[in-house]
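Below you'll find the structure, written out as structure tokens, and then a few comments.
The values are calculated or read from the model by the stated rules, or taken from the named source; none is laboratory data. For clarity, every value in this text was computed on a predicted model and none was experimentally measured. Using ideal geometry, Cβ is built from the backbone for each residue, glycine included, and neighbour counts are taken over all protein chains shown.
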């Protein structure tokens, strides 16, 4: 078989008669059923989670504009799907449309990715369902599963931390309804969708009673933008990119094409009705939320529950929970409904094993496909941590949207028969409408549609180049700016050239308007988002596609229905059917006449007289040429992007071995697990003030026991993990560290304040959003940086009387203050605050957010806390004085500086050590307290700390923690069990008394899954009062 023959086989298109309603499936779905299927698949639970994060970190109240823009962007792709649904009412969605429009190879690529997309999507949603239920039950399900079966692997790895049996059960229940029949599945989906819409209606109506338009008026904390658009236009556009994926799911409507009673009308109508419902729901929900409370105070993960608690109606969170469960269920049903139908379409065409195309005579559903792929999805949900693969879902979706949009343009600019009675008479589709000097004669010699095809390929190349330049930030260079301008001119020019051609006059029940502009806009949006995906996403795509190509080349290529139709016959799409028929009935004598009529017609573009095309040669058609050229362009650009992104990663990677003779990984091995479980049980039996909860991520004290002085500890750390903490001199003198300390302590001691029995900074400065937040240090020993950044953010808000709500970047502190510490631990506690005063730090939000100049970049999905060995897996990031490209300021302009940096307390943890840090700290302690008070600071610690908290706000404090600290769940922590471990820094935010026990309140940096929603109350004593306390004043 020659290369030409192979190319023709790979690029053959599917022969489907437009409007053909023949199917083995049962046509029983109404427009209402399909609409509810789309609404349920799109809304899901994302409306309750996504909204808060985008308002808080990206847009502010301008999120309503973001949802509007993303809705319009999604509608562009949805309209293209709707027209194809009216043209070809078949199962398979984008797969079928690509097969008809672009050829078999591209169809297989799209179909293979859609199958994976639905499997991973369904598994991820099922795990979310299980996780949400587990959270409502305070972790009972996960703890019971781990205690019964045992942990599987570390959190953050490909394998899940425990087998999620609940997720499997949810998938199986949903699959039963899918297998029973389409009507049963859609009825099940409709019930939960209506419940979800009812909860949304309640949130909107009840929430509207608490609206305050002052939250939209006035100036934002930065003093530059309005409160309605605090992050500017850039923030609103960045929010639109995030919100776009909230609309993913409308493509599932097209999979019901073979089960709709009247698909030519139901699919288009259901598409734009569901898009309208979802858009209105998103805009109303986000608008009400931003009016209920200031955008700075919005909780990024539990926005609506927290908002109702903010306005005094915490009971409403239970209804929000009901809506979330219903939304997750409908999303799961949407994915499970679409999955077997995509498999059925590919199997029915012979591209994958035909057994999956068999239809059950009773239920008229592809039961074999349902059973097989439900089983595979259940295994993924049971064993794998789907969060590690979720990013991969986006690339398949965007690729499918792009191919569908391009296919629509191709089919619109191909000639079609004027009438069924005379199929050899064609309209003007694909011919120039205007005369272009010098170019028209060349185009006249081409077959209709080829000039449009070439222009479309060039336009896609320009758009892809435009996106690659933006993603690589090369456009900031002079040469890059020139290239960017050329891509813009080329893209617009090619689009205008396409519009100079006639579209065919084919009559359809639904046609996209403003072609080619709307499909071109859809291509622009989808390709731009694809070029901004991470390199690992492209690598995973390559691996998955390698598996798919192996199946296709060994099986699908030879078993395709189009292959069986005849090796000598190169099947065209249905748009070309009439052309092929005409060419067969036209003899050689007529060719000259037809050619003459063709040329005569091209001289008179206003003529409505039809013409007959000459018989085409057996060569690569427009769609096939489009696929081949586009493939080459994408391959070159992807290769360049991969090399550009991989180079800094590879060049900075440490390939040296890491020594380990102690297992610090989590979850525990069997011995550690038994020990930790026994400790948990002993605490809950003995302690009257606090409760413990088994924590599979609680690491052992093995080598960090305080039985060893710090010198031995550092030596052991060096041997085990290659990290030494606090052993590199930073060159800062004791006097320099204490510039503001003596003065501030004297002022503080002279203050006369009546201290209440309880105090909480969250209540006194409730409008400071940072005070309510819990950070997560993730896979890095950066508790010191997290605590420092939180204290700085709080002090910034308090000192500015709420006008400055920025979050100081823990990433900037960690990476750009080498004297402060590293992922292996912190240095002198005052150093971050001294650096804040001398140099300043920029703003930056949490991991995974776009908030501020430098968001935290270290993954926080490895536990609470992450095992210590993670601190060496993630090397301390290097200092990069550049802001997030979506941020509105440059690095220098965003720097925030303080006026003072001071200690409140500084006691060495290891008095017997000869380490230079301990020796210097002794000198500092003597200088600070013996000179001021004639004694140590211990006796005055509680008084001065309370005074500081009440007057100036939260402080950063470090203390020694033991193994039982990691098991804390609730109550007042008053005793340590097990061995002492290491120094840990937290934010001190208040004090109180309960049951006669006085306590400090700390905000930890291990996320909200630990302790009392991330906080801990510790009994006031010599141990819980931090030995090291520092702060600064803005």
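For region 1019-1034, name all the residues that are part of a strand (DSSP E or B) and touching a helix residue (DSSP H, G or I) at 6+ places or on another chain (Cβ under 9 Å).
Here is the first cut: in region 1019-1034, the ones part of a strand (DSSP E or B) are 1019, 1028-1033.
Of everything in region 1019-1034, those that are part of a strand (DSSP E or B) and touching a helix residue (DSSP H, G or I) at 6+ places or on another chain (Cβ under 9 Å) turn out to be 1028, 1029, 1030, 1031, 1032, 1033.
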- Looking only at region 483-490, decide whether some residue is in a helix (DSSP H, G or I), in contact with a helix residue (DSSP H, G or I) (Cβ under 6 Å, 6 or more places away or on another chain), free of Cβ contacts under 8 Å to residues at least 40 places away in the same chain and within 15 Å of residue 449 (Cα to Cα). no
*Is it true that some residue in region 318-336 is more than 23 Å from the chain's Cα centre (by Cα) and within 28 Å of residue 767 (Cα to Cα)?*
yes
Every listed condition ((1) closer than 30 Å to residue 508 by Cβ; (2) assigned to a loop (DSSP other than H, G, I, E, B)) holds for residue 266 save (2)
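Out of 270, 240, which single residue is buried (at least 24 other Cβ atoms within 10 Å of the Cβ), at pLDDT 80 or above and not assigned by TED's automatic domain parsing to the domain that holds residue 470? So that I can check it myself, show each step before the final result.
On the way: 240 fails: at pLDDT 80 or above.
Testing whether each residue is buried (at least 24 other Cβ atoms within 10 Å of the Cβ), at pLDDT 80 or above and not assigned by TED's automatic domain parsing to the domain that holds residue 470 leaves just 270.
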The condition of being closer than 21 Å to residue 76 by Cα, under 28 Å from the mean Cα position of the chain (by Cα) and not assigned by TED's automatic domain parsing to the domain that holds residue 245 holds, among 492, 488, 527, only for 527
A careful count of residues in region 270-295 that are touching a residue at least 40 places away in the same chain (Cβ under 8 Å) and within 11 Å of residue 38 (Cβ to Cβ) gives 8
Filtering region 826-863 down to residues that are at pLDDT below 80, surrounded by fewer than 20 Cβ atoms within 10 Å (Cβ to Cβ) and at positive phi yields 848
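How many residues does region 942-979 contain that are in a helix (DSSP H, G or I) and either surrounded by fewer than 20 Cβ atoms within 10 Å (Cβ to Cβ) or touching a helix residue (DSSP H, G or I) at 6+ places or on another chain (Cβ under 9 Å) (or both)? Explain how you work it out, then say what you get.
At the first step, the residues of region 942-979 found to be in a helix (DSSP H, G or I) are 942-952, 963-967.
From what's left, either surrounded by fewer than 20 Cβ atoms within 10 Å (Cβ to Cβ) or touching a helix residue (DSSP H, G or I) at 6+ places or on another chain (Cβ under 9 Å) (or both): 942-944, 946-952, 963-964, 966-967.
Count: 14.
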Query - Hey, residue 726 part of a loop (DSSP other than H, G, I, E, B) and either at pLDDT below 60 or closer than 18 Å to residue 829 by Cβ (or both) or not - result: yes
- Task: With the condition kept exactly as written, say whether any residue in region 273-281 is under 24 Å from the mean Cα position of the chain (by Cα), assigned by TED's automatic domain parsing to the domain that holds residue 395 and under 21 Å from residue 851 (Cα atoms).
- Result: no
* In region 325-340, is there at least one residue being surrounded by fewer than 24 Cβ atoms within 10 Å (Cβ to Cβ) and either within 23 Å of residue 37 (Cβ to Cβ) or in contact with a helix residue (DSSP H, G or I) (Cβ under 7 Å, 6 or more places away or on another chain) (or both)? -> yes
Scanning region 57-102 residue by residue, those in contact with a helix residue (DSSP H, G or I) (Cβ under 8 Å, 6 or more places away or on another chain), at pLDDT below 80 and under 22 Å from residue 215 (Cβ atoms) turn out to be 58
Considering region 669-698, residues that are in a loop (DSSP other than H, G, I, E, B) and buried (at least 21 other Cβ atoms within 10 Å of the Cβ), and then whichever is modelled with the highest pLDDT, we arrive at 695
Among (1) surrounded by fewer than 15 Cβ atoms within 10 Å (Cβ to Cβ); (2) modelled with pLDDT under 85, residue 716 falls short only on (1)
For residue 1008, the lone unmet condition from (1) at pLDDT 85 or above; (2) farther than 21 Å from residue 679 by Cα is (1)
